[in-house]
1. Looking at segment 376-392 only, could you name the residues that are assigned to a strand (DSSP E or B) and either within 13 Å of ligand 2 (Cβ to nearest atom) or crowded, with 17+ Cβ neighbours inside 10 Å (or both)?
2. For the condition within 16 Å of ligand 1 (Cβ to nearest atom) and closer than 21 Å to residue 285 by Cα, what is the one hit in 327, 345?
3. In this structure, is residue 357 within 16 Å of ligand 2 (Cβ to nearest atom) and surrounded by fewer than 19 Cβ atoms within 10 Å (Cβ to Cβ)?
4. Taking segment 431-465 as the region of interest, how many residues are in contact (Cβ under 8 Å) with a residue 24 or more places away in the chain and either surrounded by fewer than 19 Cβ atoms within 10 Å (Cβ to Cβ) or over 20 Å from the mean Cα position of the chain (by Cα) (or both)?
5. For segment 509-527, how many residues meet the condition of being within 16 Å of ligand 2 (Cβ to nearest atom), touching a strand residue (DSSP E or B) at 6+ places or on another chain (Cβ under 9 Å) and at negative phi?
6. Let me spell it out: the conditions are (1) more than 24 Å from residue 96 (Cα to Cα); (2) without any contact (Cβ under 8 Å) to a residue 12 or more places away in the chain, and residue 216 meets all of them except one. Which number is the exception?
7. Which of (1) more than 25 Å from residue 196 (Cα to Cα); (2) out of contact with any strand residue (DSSP E or B) (no Cβ under 6 Å at 6 or more places or on another chain); (3) in contact (Cβ under 8 Å) with a residue 24 or more places away in the chain is the odd one out, the single condition residue 55 does not satisfy?
8. Does residue 95 fit the bill of being over 30 Å from residue 312 (Cα atoms) and in contact with a strand residue (DSSP E or B) (Cβ under 8 Å, 6 or more places away or on another chain)?
Ligand code: C2O
Ligand code: CU
């Protein structure tokens with residue numbers, strides 16, 4: 001299989017542990033005939049650019065009686081579209097019949113409302129595992145609920161996984177957007193089938209802008225391009241193929257790494273660019289694959305921002321690592337590259353081609369030296385420190401294994417109860433062989449460090465014996481984050497101010513197969 005062949009060539013450095021688990025996971029898959037994406041012509045389709053959605057009307061603002069706010073109606077539907085010139089149309093599920101869905105765009109402090117409408121079929125396009133918590137037999141097979149990832153919203157608008165609604169129903173959410181400019185994204189969050197709903201195509205971008213960002217005069221309009229990157233398996237009929245285990249009663253598989261990598265819904269797209277600076281807003285929305293992105297001509301690029309906004313200053317990079325749900329804000333300068341064809345790659349896999357037009361170079365050169373100051377949250381500000389494990393355990397009752405946070409299942413009583421407006425340090429103790437991207441709803445946080453520890457000692461008597469010095473976060477992680485890579489054998493420390501609203505939210509692993517199999521916990525912000 002293509003995936004297996006790749007793992008041999010891409011094993012290096014920090015990423016190798018993932019590729020090992022990739023092989024383990026694929027060994028448990030039922031064999032299915034699949035399309036080999038290496039046989040498909042490259043760079044024959046233009047890169048689609050997701051369109052910004054216009055509101056369908058105005059509504060009274062629930063937070064300010066005399067004011068109105070834009071109201072959007074977004075409908076989830078099944079649709080077909082061609083992801084490549086030479087393939088048959090692929091059946092997908094999308095917001096407003098698009099994958100990625102339409103872009104919701106707003107400004108800091110400008111609230112908006114969305115009615116999310118479930119107009120999907122009643123049968124799922126993939127095999128539901130009824131042994132997973134929240135997907136028990138008897139529930140509607142197709143259920144959806146929408147979460148805006150990175151948004152500071154009230155709990156009732158946050159897309160709590162159990163607040164799902166079936167086809168024919170809808171839910172309206174209010175987004176105050178009282179937060180810094182950033183690239184957020186919306187996606188499905190339905191309990192027990194989230195991985196399937198997202199694999200089917202239920203995700204889209206949500207952009208917040210503000211004056212600080214605008215004052216930097218970064219490339220905008222057609223020079224600011226979102227790149228939504230994700231991997232899929234396709235069958236020989238060009239249809240999405242979600243892997244299943246060899247046990248038809250428990251089809252769940254622990255990890256999914258597809259071999260067809262799509263950008264904005266297209267396989268191997270190209271984009272004509274002018275010889276000037278561009279701003280790329282990148283989202284990894286794969287179920288499980290990380291991306292290590294670089295340009296084929298070795299040219300450097302600049303990272304301006306992380307998940308939740310601008311960095312203090314730009315960082316020069318040769319390659320960029322993004323785990324599922326992480327975002328990056330990049331500048332690439334094509335000035336002086338007239339006539340070149342530059343390929344964006346994930347390791348050795350070609351993803352997308354930039355064709356630089358001839359003519360005179362445009363806007364180029366000066367990237368502002370200072371972007372947005374970030375005040376480091378001091379460790380002494382923390383009133384509480386929690387030690388929270390990430391673990392995998394065998395589950396003989398049903399699926400081969402389950403993944404746990406803090407040794408607890410979703411249905412166990414809540415254990416994380418931070419007080420509103422206080423600061424906590426969370427020590428994520430990873431006892432597994434995988435890196436897990438850990439996401440907290442509602443809040444933004446900073447990464448303090450990662451430190452290797454002795455897993456054997458920890459398993460014996462629950463004490464942390466460190467085996468090396470703490471490692472500072474990568475420069476590109478030194479901004480506001482909502483998702484952090486917790487490396488295996490490391491304690492990853494994050495510092496969080498629980499700002500926003502009291503109420504019930506969730507924190508979870510953003511490897512969607514893990515999230516659907518117990519690696520998600522409710523938490524409660526106490527007023
Ligand atoms: Cu990207 Cu709980 O979400
Ligand atoms: Cu995980």
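1. 382, 388, 389, 390, 391, 392
2. Matching residue, one of 327, 345: 327.
3. Judged against the criteria, residue 357 is not a match.
4. 13
5. Here the count works out to 10.
6. (2)
7. Every condition holds for residue 55 apart from (2).
8. The answer is yes for residue 95.
The values are calculated or read from the model by the stated rules, or taken from the named source; none is laboratory data. If you're wondering where the values come from, they're calculated on a predicted model, not measured in any experiment. When we count neighbours, we look across all protein chains shown, and the Cβ atoms used for this are built from the backbone with ideal geometry, even at glycine.
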